[in-house]
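Below you'll find the structure, written out as structure tokens, and then a few comments.
The values are calculated or read from the model by the stated rules, or taken from the named source; none is laboratory data. Every value quoted in this text rests on a predicted model; they were computed, and no experiment measured them. Cβ atoms come from the backbone with ideal geometry, glycine included; neighbour counts cover every protein chain shown.
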């Protein structure tokens, strides 16, 4: 019976490979992450010709942020990891594999290829025999250890030759991996021999003890403390508890303001990580002075406070949505983009009325001509009677106009509930909201004619392929779209990476019956923005691309057949004037399932006017009805059926259009 024993890597042949693999597993993903962040395409709008009043502080903050992202613990460990890899590769390249019965390779021993013929094998054997034969080697000046190694090499050469020429020995080699048949099993441990029996062996014991008694408990303790102290989205539990208490005690009669949201979020404990001396009143004053675009004595402190506020507002929004509080969610979004734009829309009536214009870089409320009813971006860019230079009271407005043209506007095409594989909404079915829309520039006038869209756009973008993948995962169409990358970045907010990662629209599905949110908020952050670069003629010629957004309902459709009314609210997280509010109707129908007219064998039901049909009717079986066509009937019916496939534009007004119409009526 074979025995087994453990041995260490005395010849340093195994442990470098084990260490190399163990280090490369985390090192490669970490390196890819760092390199991708370094070579990530930067947004050109960061280098705007507009210089805010605190431009020097903003640049200093962003440079410091970039340095902290580059020179952090992750980068240091990655560099150290590659140094270790270099050392291991050097050890591997300079370590000769010692031939022994544990590593029996007859081709390598005879120094021939695996495809060598018998003639080549014999020739190689003769040459090596002459070289290592004990009678041919001068052992007079050798030590006993060297003599033993020569004898062992000669024995291996003979075994290698027999393993390739003798059938019995070859069978043992192929079956057991060595020419002598079964031997004792040796379990090797990939640790270098010098760590076990050398002077470094005490250090290995210390490392084991430190890892088990110190490092591992610390890691578990830190993980558990993090789990207990923060929520899944990284918000401190004390802050989350504060937000929940506010929503529990919220009065439905109180009219919320952005100022209320700022006061409430100022109590977050995350601000103490910036400076332990910060109080809620201090935080509130810093944020208000920032959105008023006022100078500050400690601008660096204010920028650090402002930079983390949108993240806290996002957490506040999630909790408010869990309480189904629509008013709170909408006002939190207003506070979010007020901070991104550094614009206090509730400072006075002018700021609220002209908020779309005041968000443009370099526009000052004290200089614009408020007597002109230019309240929206569309009026500024499309109204031929408007002279931007006079309205904005600026000599050069090219930068402002180009910035405003790149702000994305949603133009909805179709919005309805759908069930995959069905043409109606059955009771208790898994449905989703599907929104088909265009992204356009505020400079685009009107709406393109849907009938003139390209066939491939209609077939591939508007109509979804009824494939098995799409039926299994209705969100697949959405996920295949490109990410929303803003072409115009607000110049005042210090953390541009946050804007890039959180650009898009927040989507709320609200019940019209009680004005409560029925689904968790979703982010519309995948859409085709190429339409923004189209000219007016190209836009009206329907050279646009259609995008899709969906919200999967977490609960089935109602059991009862009926009509249910909802609203799909989309609020942009960055810009004012790019919001829509769409009514959506859920018409639950219980249509009977039609029986197939063809059985499994492909035999159709008999006609009702045939003998077989008469017999089938007597037996209670189904028959195929015969329809008599009127030869004088017009072909208009066919045209009507064709026209049914063409989807007309829905009468959905964006907030921009409503304001424009209101201005025109004046």
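Side notes on the structure shown:
The rows are residues; the columns are (1) closer than 17 Å to residue 236 by Cβ; (2) assigned by TED's automatic domain parsing to the domain that holds residue 571; (3) in a helix (DSSP H, G or I).
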site: 286; (1), (2), (3): no, no, yes
site: 294; (1), (2), (3): no, no, no
site: 297; (1), (2), (3): no, no, no
site: 307; (1), (2), (3): yes, no, yes
site: 311; (1), (2), (3): yes, no, yes
site: 317; (1), (2), (3): yes, no, yes
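- Close pairs from segment 243-257: first under 15 Å from residue 324 (Cβ atoms), partner at pLDDT 90 or above and part of a loop (DSSP other than H, G, I, E, B), Cβ under 7 Å, at least 6 apart: 247/323
- Options 521, 491, 482; residue that is more than 22 Å from residue 434 (Cβ to Cβ) and touching a residue at least 24 places away in the same chain (Cβ under 8 Å): 491
Per-residue answers, yes or no, for (1) assigned to a helix (DSSP H, G or I); (2) in contact (Cβ under 8 Å) with a residue 40 or more places away in the chain; (3) out of contact with any strand residue (DSSP E or B) (no Cβ under 7 Å at 6 or more places or on another chain); (4) not assigned by TED's automatic domain parsing to the domain that holds residue 578:
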position: 327; (1), (2), (3), (4): yes, yes, yes, yes
position: 340; (1), (2), (3), (4): yes, yes, yes, yes
position: 343; (1), (2), (3), (4): no, yes, yes, yes
position: 346; (1), (2), (3), (4): no, yes, yes, yes
position: 351; (1), (2), (3), (4): yes, no, yes, yes
position: 360; (1), (2), (3), (4): no, yes, yes, yes
position: 363; (1), (2), (3), (4): no, no, yes, yes
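- Scanning segment 389-404 for residues that are under 39 Å from the mean Cα position of the chain (by Cα) and part of a helix (DSSP H, G or I), we see that the one that is surrounded by the fewest Cβ atoms within 10 Å (Cβ to Cβ) is 398.
- Qualifying positions in segment 527-552 - touching a strand residue (DSSP E or B) at 6+ places or on another chain (Cβ under 6 Å) and either assigned to a helix (DSSP H, G or I) or surrounded by fewer than 17 Cβ atoms within 10 Å (Cβ to Cβ) (or both): 531, 552
- Comparison of 312, 377, 358, 303 shows that the only residue that is touching a helix residue (DSSP H, G or I) at 6+ places or on another chain (Cβ under 7 Å) and under 20 Å from residue 410 (Cβ atoms) is 377.
- Filtering 331, 379 for residues that are in contact (Cβ under 8 Å) with a residue 40 or more places away in the chain, assigned to a helix (DSSP H, G or I) and surrounded by 22 or more Cβ atoms within 10 Å (Cβ to Cβ) leaves a single hit, 379.
- Tally of residues being in a strand (DSSP E or B) and touching a helix residue (DSSP H, G or I) at 6+ places or on another chain (Cβ under 9 Å) across segment 483-510: 3
- The one condition from (1) over 27 Å from the mean Cα position of the chain (by Cα); (2) closer than 26 Å to residue 358 by Cα; (3) touching a residue at least 24 places away in the same chain (Cβ under 8 Å) that residue 312 does not meet is (1).
- Selected residue (criterion: nearest to residue 335 (Cα to Cα)) from residues of segment 511-522 that are part of a loop (DSSP other than H, G, I, E, B) and under 25 Å from the mean Cα position of the chain (by Cα): 521
- Candidates 85, 112 - the one that is at pLDDT 80 or above and either farther than 28 Å from residue 149 by Cα or outside the structural domain of residue 150 (by TED's automatic domain parsing) (or both): 85
- In this structure, residue 384 does not qualify as assigned to a helix (DSSP H, G or I), surrounded by fewer than 15 Cβ atoms within 10 Å (Cβ to Cβ) and modelled with pLDDT under 90.
- Looking at 335, 322, 349, 342, just one residue is at pLDDT 90 or above and over 36 Å from the mean Cα position of the chain (by Cα), and that residue is 349.
- In segment 211-268, residue nearest to residue 309 (Cα to Cα) [restricted to those that are in contact with a strand residue (DSSP E or B) (Cβ under 8 Å, 6 or more places away or on another chain) and at pLDDT 90 or above]: 268
- Subset of segment 487-504 [over 15 Å from the mean Cα position of the chain (by Cα) and farther than 20 Å from residue 306 by Cβ]: 487
- Residue satisfying all of: in segment 469-482; assigned to a helix (DSSP H, G or I) and at pLDDT 90 or above; surrounded by the most Cβ atoms within 10 Å (Cβ to Cβ) among these: 478
- Every listed requirement among (1) under 17 Å from the mean Cα position of the chain (by Cα); (2) free of Cβ contacts under 8 Å to residues at least 40 places away in the same chain is met by residue 469 save one, (1).
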